[in-house]
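Data block below; observations after.
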Amino acid sequence: NEGNFLTPIDPATVTIGKSVAVHDPYNLYFTPNGKYAVVMAEADKQIDFRDPHTMAIKKTLKVPCDGINHADWTADGNQFVATCEFTGKLILVDTPKMKLLKVATLPKRTEMNPMPQDIKISPDGKTYYIADMASNGIWVMPVNSFGHFTFIRTGKGAHGLYVTRDAKNLLITNREEGSISVMRFSDNKLIAKWKIPGGGSPDMGNISADGKFFWVSGRYN
């Protein structure tokens with residue numbers, strides 16, 4: 001986000017395209033209908049809705065919280081929830097109108113204030129899961145009940161969330177303990193914990209197209 005550019009890469013040929021000037025691109029998403037690129041401009045405290053090809057700004061939405069970061073959409077694409085890392089808040093946004101609808105604050109569970117990170121919607125579209133690095137687990141929030149939470153402890157520094165290709169499980173990276181928790185969607189039960197040999201700091205990653213491999217970056221080592 002300090003470079004102020006986005007660089008397109010063809011994943012099939014690993015060809016690097018021409019960089020496009022984009023200010024403060026901390027995270028990048030696209031609306032489900034493909035109409036907008038959505039840049040989480042964390043330092044600017046705003047969400048920039050841009051043309052998905054030229055990256056020209058179409059609308060800027062100022063947010064009432066610090067650390068605007070990760071997001072995911074409802075099943076119909078009409079709304080999305082984004083996390084604010086430094087103020088422990090979630091915001092609900094109307095996608096077509098590009099308008100702020102609601103703000104919610106996560107409960108405090110430890111001596112640290114909540115630090116929401118990645119957010120993912122369940123495969124059935126009914127539930128949001130929010131990783132909280134300070135609370136060492138994930139919050140569960142019904143899509144139709146914004147701001148109502150239950151908690152599942154996964155591990156120290158819960159950070160990234162990834163849905164397996166068969167849509168059965170959620171992978172949670174626990175950045176500060178070098179592990180990955182596996183949660184089953186059918187009953188929200190933790191069914192495994194994979195520990196990285198020698199420790200590590202698993203952060204953001206992704207699952208291969210065939211679902212056989214999970215690649216994850218090491219934040220600090």
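The values are calculated or read from the model by the stated rules, or taken from the named source; none is laboratory data. Note that this is a predicted model, so its numbers are computed, not measured. Note: ideal-geometry Cβ built from the backbone for every residue, glycine included; neighbour counts use all protein chains shown. Accessible surface is based on the protein model in full, side chains and every heavy atom, while ligands, DNA and RNA are left aside. Shrake-Rupley method; radii C 1.70, N 1.55, O 1.52, S 1.80 Å.
Computed from point charges on the beta carbon alone (+1 for Lys and Arg, -1 for Asp and Glu), the dipole magnitude for the chain about its Cα centre is near 420 Debye.
Computed over the chain with a Gaussian network model linking Cα atoms closer than 10 Å, the most mobile of Pro114, Pro11, Pro52 is Pro11. The stretch between Arg153 and Asp51 holds 32.8 nm of extra length on full extension. This uses 0.36 nm per residue minus the Cα-Cα distance. Across the chain, the relative contact order, built from alpha-carbon pairs under 8 Å that are at least six residues apart, equals 9 percent. Measuring with a 1.4 angstrom probe and ignoring ligands and nucleic acids, His148 comes out at about 110 Å² accessible.
At q = 0.26, 0.34 Å⁻¹ the log10 of I(q)/I(0) for the stretch 21-66 amounts to -0.90, -1.32, computed by Debye summation with a single uniform scatterer per C-alpha, solvent ignored. Counted residue by residue at 0.36 nm each, then reduced by the alpha carbon distance between them, the extension gain from Ser145 to Lys195 reaches 14.6 nm. Computed on protein heavy atoms with a 1.4 Å probe, the accessible areas place Tyr128, Tyr220, Tyr36 in the order Tyr220, Tyr36, Tyr128, largest first. Compute the separation of the alpha-carbon centres of the stretch 126-197 and the stretch 52-77 and state it in Å as a whole number. So the separation of the two Cα centres works out to 23 Å. Compared with the alpha-carbon gap, the fully stretched path from Lys62 to Asp124 is longer by 19.3 nm at 0.36 nm per residue. Remark: spin-label model distance Ala209-Leu100 equals 4.0 nm, labels positioned 7 Å along the Cα→Cβ axis.
Applying the Karplus relation 6.51 cos²θ - 1.76 cosθ + 1.60 with θ = phi - 60° to the stretch 104-110 yields 3J(HN,Hα) values of 10, 10, 5, x, 8, 10, 10 Hz, where x marks Gly and Pro.
Across the protein chains, with a 1.4 Å probe defining accessible surface, the residues Lys58, Lys89, Lys195 rank Lys195, Lys58, Lys89 from largest area downward.
Among Gly77, Gly137, Gly88, the residue with the largest mean-square fluctuation in a Gaussian network model of the chain, with springs joining Cα atoms closer than 10 Å, is Gly77. The heavy atoms of Glu177 present about 70 square angstrom of accessible area, all protein chains included, probe 1.4 Å. Using 7 Å Cα-to-Cβ label points, what is the Arg109/Asp166 separation (nm, one decimal)? Taking the two extended label points, one gets 2.7 nm. Please name whichever of Phe5, Gly205, Ala104 sits farthest to the positive end of the charge dipole of the chain, dipole taken about the Cα centre and charges placed at Cβ: Lys and Arg +1, Asp and Glu -1. Sorting the options by dipole projection puts first Ala104. Rounded to the nearest whole angstrom, the semi-axes of the ellipsoid equivalent to the chain, taken from the Cα gyration tensor as √(5λ), stand at 26, 22, 17, largest first. Straight-distance candidates among the lysines for linking to Lys189, with alpha-carbon spacing under 22 Å and chain neighbours fewer than 8 residues away dropped: Lys120, Lys126, Lys156, Lys168, Lys212.
Within the listed set Pro142, Pro197, Pro107, the residue fluctuating most in the Gaussian network model of the chain (springs between alpha-carbon atoms under 10 angstrom) is Pro197. For the stretch 1-99, the tally of Lys pairs with Cα-Cα distances below 20 Å comes to 19, considering only residues 8 or more apart or on different chains.
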